[in-house]
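Input: a single structure, listed below in structure tokens.
The values are calculated or read from the model by the stated rules, or taken from the named source; none is laboratory data. Keep in mind the model is a prediction, meaning the values are calculated, not measured. Every residue, glycine among them, receives a Cβ derived from its backbone with ideal geometry; neighbour counts consider all protein chains shown. Heads up: the accessible areas ignore ligands, DNA and RNA and are worked out on the full protein's heavy atoms, side chains in. Shrake-Rupley method; radii C 1.70, N 1.55, O 1.52, S 1.80 Å.
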Amino acid sequence: MDLPFYFGEEHLQVREMVREFARTEVAPVAKDLDRTSEFLWDNVAKMGPLGLLGVPWPEELGGAGMDQLSYYIVLHELAKVDASHALTVSAHTNLGTSPIVDFGTQAQRERYVPLLASGKVLGGFGLTEPGAGSDAGGTATTAVDKGDHYVLNGSKVFITHAGVGEIFSVTARTSPGPGHRGITSFIVTKDSVDLDRCRTLGVGHAEELPKTKGLRAGKKEDKMGWRSSDTRELILEDAIVPKENVLGTVGEGFVNFLKTLDAGRIGIAAVSLGIAEGAYGEALRYASVRKQFGQAIANFQGISFQLADMATEIQAGTHLLYHAAWLKQNGKPFKQEAAMAKLYCSELAMRVTTKAVQVFGGYGYTTDYPVERMMRDAKVCEIGEGTSEIQRIVIARNILASLEA
Amino acid sequence: MKIAVCIKRVPDMDLRFAIGAGGKALDPVGLKFDIADFDGYAVEAGLRLVESHGSGEVVVVSIGPTAVQETLRKALGMGAHRAIHLDAAEVPFDGMSIATALAAELKEGGYDLVLFGRMATDSANQTVGPMAAHLMGLPCVTAISKLDIANGRGTAERQLEGATETMEFPMPAVVTIDEGLGRPRLPSLKGIMAAKKKPLEVKPAQLGAANLTVDVIAFPPDRPPGRIIGEGADAVPELIRLLQTEAKVL
Ligand SMILES: Cc1cc2nc3c(=O)[nH]c(=O)nc-3n(C[C@H](O)[C@H](O)[C@H](O)COP(=O)(O)OP(=O)(O)OC[C@H]3O[C@@H](n4cnc5c(N)ncnc54)[C@H](O)[C@@H]3O)c2cc1C
Ligand SMILES: Cc1cc2nc3c(=O)[nH]c(=O)nc-3n(C[C@H](O)[C@H](O)[C@H](O)COP(=O)(O)OP(=O)(O)OC[C@H]3O[C@@H](n4cnc5c(N)ncnc54)[C@H](O)[C@@H]3O)c2cc1C
């Protein structure tokens with residue numbers, strides 16, 4: 001869709017470039033990376049110079065200086081071909097970099113953002129814990145004030161880029177719980193787990209960056225989808241964090257990461273919609289060439305109606321996504337719309353990819369065609385950065401609050 | 001070093017396309033346009049030359065309606081320094097008409113090199129580069145796959161059937177580019193942003209007279225459907241007989 005209301009020529013140029021990149025650099029490697037679960041280092045090295053790892057950040061901070069819409073377009077286009085690539089950009093940009101851009105001091109921004117925005121190193125966000133998933137108020141990681149520094153102890157789980165990344169925002173309790181108060185964000189650093197690879201490629205590692213003593217990556221998850229995205233435990237063991245690395249105000253961590261997650265939801269909506277569109281495109285082409293009963297299966301209403309439903313719902317999802325993105329871009333409240341876009345597009349990705357496998361019949365169930373990978377990649381969109389249930393809670397709270405007003 | 005690269009905006013011929021109502025041109029509806037393939041290689045070649053010489057400028061030039069500015073801006077996004085749009089409601093088919101307009105613009109421009117793609121991927125005429133060279137009175141090397149410039153002279157390689165030819169030429173010169181000099185780079189996001197601020201000059205195209213016109217474009221006739229004449233070794237004698245008598249390829 002051309003969406004003239006949202007997209008200018010510059011957006012179309014970004015879209016064109018990312019499409020070309022996805023076609024020539026991502027499509028040929030997506031299947032193998034999924035099978036081996038190897039991290040997509042080679043393409044990280046290519047995406048940095050193209051500006052894809054710092055789309056919305058100002059040029060002074062090493063970013064591409066583009067707008068929010070451009071950023072969501074990048075995720076949307078990459079995900080049409082491979083969700084892991086899109087997710088890598090999303091986790092790095094929104095979860096890894098935006099907290100420092102949005103809540104960091106000038107000194108913190110100047111120190112960390114250029115490394116991240118240029119794609120020199122990867123970033124991540126450590127919020128989830130074994131006992132704190134949907135309920136981040138359950139955060140049990142502790143940060144004890146030792147005068148000029150804090151000592152952090154705890155374990156973060158399911159952290160995207162915990163292994164390959166070097167710069168993280170993590171949350172910890174600076175005063176005892178329970179609940180939301182007393183949670184503070186910190187910037188912590190570690191070496192990439194793939195130092196040899198990083199040195200050969202010249203990306204992924206910053207020698208000059210001082211590393212946090214006591215921070216390390218744990219076990220890598222063996223996942224159903226998003227397999228070439230890096231997901232691991234991030235372990236803080238008597239980690240020594242200087243006070244200058246407190247991100248934002250002490251005790252305000254909770255409020256800040258909720259803002260980060262609101263924006264992240266639009267990103268996951270973009271990834272989800274991309275997966276759906278990728279699978280729909282595959283199904284459409286296949287249905288027009290696969291012959292059974294003497295004709296293309298697209299001629300059977302049982303198939304063509306499924307394609308019609310997919311196309312209609314994708315169009316609806318596109319409007320939800322870019323409407324939420326437009327609200328954010330223009331400084332308007334977007335919390336509810338972001339939750340709606342994430343909820344709808346992630347469930348849409350699951351519906352469409354399931355149908356796409358069905359259209360492919362037995363072939364769709366094999367790794368010879370990409371639709372089974374897309375179906376596996378779609379599922380986690382209903383879980384990460386707030387499950388579908390949590391999105392419904394957010395939306396319900398908002399619409400009920402409007403009654404009281 | 002000052003390099004001009006002439007680029008054409010062409011439809012992507014890999015997509016399905018239809019012939020327009022008059023039968024003389026493609027139906028523009030649903031076509032996707034981009035820099036012609038070899039012209040993209042020419043832009044890349046120009047950028048690499050300027051980069052390796054540490055200074056200079058790459059000026060991209062295109063003839064056509066306002067839409068060609070989009071194509072010029074893509075080349076600016078790749079790194080070209082400025083653009084010239086030679087405005088014309090339509091791009092004539094006659095290469096001499098186009099070459100006349102380009103020569104008029106480029107002749108006094110002080111260019112060390114004028115680069116073209118080996119041919120435009122839509123019309124496939126391979127004429128505009130050599131014709132423009134003739135009109136400007138410059139030497140012309142066509143379809144090169146390697147290019148070096150040193151001490152005011154150029155060295156180029158051309159791939160012949162089974163052999164490589166190395167040529168030397170004085171500058172200024174016109175060179176048409178084949179693949180092999182390096183795949184055109186993608187415009188980076190910073191490049192796309194910077195392109196908005198780069199100069200894009202619009203002038204009327206001083207097209208020469210067009211003596212050639214397209215009479216008709218037609219699709220090749222449908223191939224007759226295939227025939228299965230049997231299976232396994234038993235079918236071989238009949239297959240050979242038909243290849244000899246019907247297809248006449250043996
Ligand atoms: C691949 C991947 C990457 C991730 N990356 C990161 C990352 O980079 N950083 C990070 O911090 N986290 C990350 N996460 C964690 C992710 O955000 C959590 O998995 C998610 O928030 C859900 O938490 P949980 O897994 O503990 O599930 P739980 O919270 O235990 O939820 C289990 C089920 O209960 C439901 N549920 C919970 N509460 C309610 C309620 N009140 N009402 C109704 N239903 C409810 C949930 O919807 C879900 O269906 C990642 C996860 C995955 C799988
Ligand atoms: C794991 C696995 C194990 C298998 N084991 C065996 C086995 O042991 N022995 C064996 O013989 N086969 C086996 N099969 C093959 C299986 O039976 C076929 O995959 C199945 O019958 C579908 O055929 P197809 O894959 O060619 O899909 P297609 O027939 O090409 O169907 C593609 C899509 O078009 C739809 N479609 C087709 N015709 C119509 C129509 N007229 N109207 C509406 N929709 C239509 C189908 O429902 C499907 O959605 C196996 C397949 C798998 C995946």
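Overview of values
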{"read-out": "Per residue accessible area in Å² of the stretch A:246-318, where ligands, DNA and RNA are left out and the probe is 1.4 Å", "value": "41 Å²"}
{"read-out": "Fluctuation leader among B:GLN126, B:GLN69, B:GLN159 - chain B, Gaussian network, Cα springs under 10 angstrom", "value": "B:GLN159"}
{"read-out": "Length-normalised contact order for the stretch A:28-97 - Cα pairs under 8 Å, 6+ apart - percent", "value": "22 percent"}
{"read-out": "Point-to-point label distance, B:ASP27-B:ASP148, nm (Cα→Cβ direction, 7 Å offset)", "value": "5.2 nm"}
{"read-out": "Helix A:335-360 vs. chain A, principal-axis angle (Cα, 0 to 90°, nearest 10)", "value": "40 degrees"}
{"read-out": "Neighbouring partner chain Cβ atoms per residue of A:9-18, average, 10 Å criterion", "value": "5"}
{"read-out": "Viscosity 1.567 mPa s, temperature 4 °C, Stokes-Einstein D of the stretch A:211-336 from Kirkwood C-alpha radius, µm²/s", "value": "67 µm²/s"}
{"read-out": "Computed [θ] at 222 nm, helices only, for chain A once each DSSP H run of length n ≥ 4 contributes -39500 (n - 2.57)", "value": "-16000 deg cm²/dmol"}
{"read-out": "Buried area at the A-B interface (accessible, heavy atoms, 1.4 Å probe, summed, Å²)", "value": "1400 Å²"}
{"read-out": "Projected label distance in nm at A:VAL144 and B:ILE228, using a 7 Å step from Cα toward the beta-carbon", "value": "7.8 nm"}
{"read-out": "Whole-number percent relative contact order across the stretch A:276-401, with pairs defined as alpha carbons under 8 Å at least 6 apart", "value": "28 percent"}
{"read-out": "Loop-exposed GluC sites (Glu not before Pro) per DSSP, neighbour cap 15 Cβ within 10 angstrom, longest uninterrupted part of chain A", "value": "A:1-206"}
{"read-out": "Viscosity 1.002 mPa s, temperature 20 °C, Stokes-Einstein D of the stretch B:161-250 from Kirkwood C-alpha radius, µm²/s", "value": "96 µm²/s"}
{"read-out": "Whole-Hz ³J(HN,Hα) from phi, Karplus 6.51 cos²θ - 1.76 cosθ + 1.60, for the stretch A:79-89, glycine and proline x", "value": "5, 4, 9, 7, 5, 4, 4, 4, 5, 4, 5"}
{"read-out": "Volume per residue that the Cα convex hull of the stretch A:1-152 spans, once the total is divided by residue count, Å³", "value": "156 Å³"}
{"read-out": "Residue-wise HN-Hα coupling along the stretch B:171-183, computed from phi with Karplus coefficients 6.51, -1.76, 1.60 (Hz; x: Gly, Pro)", "value": "10, x, 8, 10, 10, 10, 10, 9, 5, x, 8, x, 4"}
{"read-out": "Pairs of Cα atoms farther than 29 Å apart, the stretch B:1-153, %", "value": "15 percent"}
{"read-out": "The stretch B:135-250 - percent relative contact order, Cα under 8 Å, separation 6 or more", "value": "17 percent"}
{"read-out": "Under the Karplus curve 6.51 cos²θ - 1.76 cosθ + 1.60, θ = phi - 60°, whole-Hz ³J(HN,Hα) for the stretch B:19-35, x wherever Gly or Pro sits", "value": "8, x, 4, x, x, 10, 8, 6, 6, x, 5, x, 7, 10, 10, 7, 4"}
{"read-out": "Within straight-line cross-link reach of B:LYS190, lysines at Cα separation under 28 Å, skipping those fewer than 8 residues along the same chain", "value": "A:LYS46, A:LYS80, A:LYS120, A:LYS259, A:LYS328, A:LYS332, B:LYS2, B:LYS8, B:LYS32, B:LYS74, B:LYS198, B:LYS203"}
{"read-out": "Under the span-like rule (Cα at least 20 Å along the axis, Kyte-Doolittle mean at least -1.0), DSSP H helices of chain B", "value": "B:37-53"}
{"read-out": "Kirkwood Rh (inverse of mean 1/r, distinct Cα pairs), the stretch B:89-130, angstrom", "value": "11.2 Å"}
{"read-out": "Rounded Å value of the spacing that divides the Cα centres of the stretch B:5-60 and the stretch A:80-145", "value": "41 Å"}
{"read-out": "Full-stretch length increase - A:HIS180, A:PHE293 - with 0.36 nm per residue and alpha-carbon distance subtracted", "value": "34.5 nm"}
{"read-out": "Separation between Cα centres of the stretch A:280-333 and the stretch B:155-197, rounded to whole Å", "value": "40 Å"}
{"read-out": "Mean projected area in nm² (Cα convex hull; one quarter of hull surface) for the stretch A:92-178", "value": "6.2 nm²"}
{"read-out": "Average accessible area per residue (Å²) across chain B - probe 1.4 Å, nucleic acids and ligands excluded", "value": "54 Å²"}
{"read-out": "Carbon plus sulfur fraction of accessible area for the protein assembly as shown, probe 1.4 Å, in percent", "value": "55 percent"}
{"read-out": "Rule-of-thumb Rg ratio for the stretch A:261-327 [Cα; 2.2 N^0.38 Å; N residues]", "value": "1.40"}
{"read-out": "With at most 14 neighbouring Cβ atoms within 10 Å, loop chymotrypsin sites (Phe, Trp or Tyr not before Pro) (DSSP) excluded, longest segment of chain A", "value": "A:6-292"}
{"read-out": "For q = 0.11, 0.22 Å⁻¹, Debye-computed log10 I/I(0) when each Cα of the stretch A:146-269 counts as one equal scatterer", "value": "-0.42, -1.37"}
{"read-out": "Equivalent ellipsoid semi-axes - Cα gyration tensor, the protein assembly as shown, angstrom", "value": "50, 33, 24"}
{"read-out": "10 Å beta-carbon shell around B:ALA4, net charge (K/R +1, D/E -1)", "value": "-2"}
{"read-out": "Cα-based helix-to-principal-axis angle, A:9-21 vs chain A, degrees rounded to 10", "value": "80 degrees"}
